[in-house]
1. Ratio of alpha-carbon Rg to the 2.2 N^0.38 Å globular estimate for the stretch 94-133, to two decimals, please.
2. Can you tell me which of 109, 31, 45 moves the most in a GNM of the chain? Springs connect C-alpha atoms under 10 Å apart.
3. Once both axes come from the Cα atoms, what is the angle between helix 92-102 and the longest principal axis of the chain, in degrees from 0 to 90, rounded to 10?
4. From the list (1) 15.8; (2) 14.3; (3) 16.3, can you say which value of Kirkwood radius over Cα pairs in Å was derived from the structure given?
5. Measure nothing fancy, just the Cα-based angle from helix 15-28's long axis to the longest principal axis of the chain, in degrees from 0 to 90, nearest 10.
6. Rounded if a/c is under 1.5, else prolate if a/b is larger than b/c, else oblate: which is the stretch 59-138, with a ≥ b ≥ c the root eigenvalues of its Cα gyration tensor?
7. Where does each of 17-28, 110-121 land if you order them by average Cβ count within 10 Å, highest first?
8. Does the stretch 11-90 come out rounded, prolate or oblate by the C-alpha gyration tensor, with a ≥ b ≥ c the root eigenvalues, rounded set by a/c under 1.5 and, if not, prolate when a/b is larger than b/c and oblate if not?
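Bear in mind that the values in this text are calculations on the coordinates, not laboratory data. Keep in mind the model is a prediction, meaning the values are calculated, not measured. Cβ coordinates were reconstructed from backbone atoms using ideal geometry, including for glycine residues, and neighbour counts include every protein chain displayed.
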């Protein structure tokens, strides 16, 4: 161990660190997607709000690592009345829980995977499109 390095001082990554990993994922996207991804609001919270969990019929807040809230680009119309900005929600505690359970991916890889999955809803991507951007299963 390094001098002055004490595991007792470690802290779990906070909301800011999760957001930084997500923003790094966006910056690493092919530019054709990165620009549009930057236009989506990114919200990082500890857990999904209760009303969101109820709407999705989820009993445990640990079941939801991320959510896209908006109208996919493939379904948008100039006639749409926007109800709010397209938003991607990432939920810190469920992400950390899944990361600990997996034990075989970095936190950056998992945050990136969750983010890309939610971006897929925004862009209207197929599974093949997702695999080209996020080769998660390789």
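1. The reported ratio for this selection is 1.26.
2. 31
3. The angle comes out at about 60 degrees.
4. (3)
5. Computed tilt is about 60 degrees.
6. oblate
7. 110-121, 17-28
8. In terms of gyration-tensor shape, oblate.
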